[in-house]
Amino acid sequence: MTSLDDLPIRDDLRGKKPYGAPQAHVRIELNVNENTHPVPDVVIADILGRTEKALRSINRYPDREFVGLRSALAEYLGHGLSAANVWAANGSNEVIQHILQAFGGPGRSVLGFPPTYSMYPLLAAGTGTTWITAARDADFVISPETAARAVADAQPDLTFFCAPNNPTGTPVSLDAIVAAYEQTDGIVVVDEAYVEFAPAGTPSALTLLEGRPRLLVSRTMSKAFAFAGARVGYLAADPAVIDALRLVRLPYHLSALTQAAAEGALAHTELMLAMVDDIRTQRDRIVVQLARLGFTPYPSEANFVLFGNVADPHAIFEQLLAEGIIIRDVGIPNHLRVTAGTESETSEFLARIAPLAPR
Ligand SMILES: *Cc1c(COP(=O)(O)O)cnc(C)c1O
C-alpha cells in the first residue's frame, strides 16, 4: 500500500496531521462542545417540510447568493445588519477558510493567541498562510495592551481573536479588539462561536462593526443552535468584505438542503436557543464542583470548562472513557476540557470524576 509520504504532496503539507478530535460514540459525549440537547420535534417537522420543498427543485442549482438565509441570519444578529453584511458557508470552518483564501495566502501571515482553536493553524497551513503566535497574559486573558503590542510587533495580514476562547473559555474584551484593530491595516477576525453562552448583556463585537470595514465577526449554528450536523457557519462584516469572499467560494457552495434546514432552524430561534440557559447553569456547576474537588477550573463564558491540576490527564481521560464518558485532552499539560451537557450528563460526569480528584 502507498503511504502519504510516497505521494507528490505539497511540501508544506508533508508531516502534517489532520484535525482529529476522537469521534468515539459513547453514552455521554462531552468532547467537542456540541449542544447535547437534540433539536425540538416541532422544529424538525418544519425543517422536513422545507427540505421536502427544496427536493422538488433539487435538479436545479441552489440560490448561489442564498439571500433567504442571509436575510434570516441578519435578522437574528440584529445590530442594524442586512443580508449585504452577511456571509455563510458549510460551518464557520469554511467561513474562516474563505477569509484566509481572500486575505491570506503565500507570503502573508495570520496572528493568533494560543492556546486557541486548533483549526486556525490547520486552515492557515491549507491556504499557505504563515501562522504566527503571540503570548497571552496570566489566566489566558488578552489585555488591550497585550493585543496592541502583539499586532504592532508582528504586523500580520490577519489577526484572529476567539471570543470566548476555545479551549480556555476566556472572554476577550471589546477594548482589546479595538486596540488591535487600531494597530493594523490588516483584517481582524473575532470568532464568536460560543458568544450565545456569555452572560446576558455581554456586548458582542458586532457592536464594533460600524465604521470598521476590516473587522469580521464570525458565528456558527453548531454550538448554541444545536445544529452541528447541518454545517452552517456565518459572518457579519462590511459588504465589501462579502464581495471579497465571493471571489474564493466555490459556486453554489451551500446546498439547497442546507439553506432550507438553516432557514427552518432560524424560524424557531427562541426554541432552538431554549437550552442555552440550562447549559450555562451546568457550566457554572462544573466550575464550582471541580474547584471543590481540588482541580483548577478557569472561568468560562462558553459551554465548556478547561481545568488544571490534573496530575495524569491521559489516565483520567481513559478512566472516564471506560465508563462511557468522553471529554477532551487539548494537549495543555495537566489540563482537560469538558463540555457542559444536559443536567444528568453533567451530574454523571461530576460523580465519575470525583473519585479521581486531587483531594
Ligand atoms: C466549534 C468551533 C467553531 C465552529 O465550527 P463549525 O465549522 O461552524 O462547526 C468555530 N470556532 C471555534 C473556536 C469553535 O470552537
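The values are calculated or read from the model by the stated rules, or taken from the named source; none is laboratory data. The structure displayed is predicted, hence computed values, not measured ones. We place every Cβ from the backbone using ideal geometry, glycine too, and count neighbours over all the protein chains shown. These accessible areas exclude ligands, DNA and RNA; they are computed on the full protein's heavy atoms, side chains included. Shrake-Rupley method; radii C 1.70, N 1.55, O 1.52, S 1.80 Å.
The figures follow:
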quantity	calculated
Selected residue (only one of L48, L69, L73 is in a helix (DSSP H, G or I) and under 18 Å from V189 (Cβ atoms))	L73
Criterion: among the β-branched types (V, I, T) and within 14 Å of the chain's Cα centre (by Cα) - qualifying residue of T116, T159	T116
Single residue of segment 85-112 satisfying the filter (β-branched (V, I, T) and touching a residue at least 60 places away in the same chain (Cβ under 8 Å)) that is farthest from the ligand (Cβ to nearest atom)	V86
Count of segment 288-328 residues which are exposed (fewer than 14 other Cβ atoms within 10 Å of the Cβ) and in contact (Cβ under 8 Å) with a residue 60 or more places away in the chain	2
Selection from segment 337-355 of residues that are open to solvent by 40 Å² or more (accessible area, probe 1.4 Å) and of a type in the set (D, E, K, R)	E343, E348, R352
Some residue of segment 190-202 being in the same structural domain as I99 (by TED's automatic domain parsing), more than 15 Å from the chain's Cα centre (by Cα) and polar (S, T, N, Q)	yes
Any hit, segment 133-153, residues being at pLDDT 95 or above, of a type outside the set (A, V, I, L, M, F, W, C) and either in contact with a Pro (Cβ under 7 Å, 6 or more places away or on another chain) or closer than 26 Å to G229 by Cα (or both)	yes
Condition check for S57: in a loop (DSSP other than H, G, I, E, B), polar (S, T, N, Q) and at pLDDT 95 or above	yes
Within segment 152-185, tally of residues that are in contact with a Lys or Arg (Cβ under 7 Å, 6 or more places away or on another chain) and within 15 Å of the ligand (Cβ to nearest atom)	1
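Residue-wise test of (1) of a type in the set (V, I, T); (2) away from the ligand (no atom under 16 Å from the Cβ); (3) surrounded by 20 or more Cβ atoms within 10 Å (Cβ to Cβ).
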position	(1), (2), (3)
A45	no, yes, no
R56	no, yes, no
V67	yes, yes, no
S71	no, yes, no
Y76	no, no, no
G80	no, yes, no
A83	no, yes, no
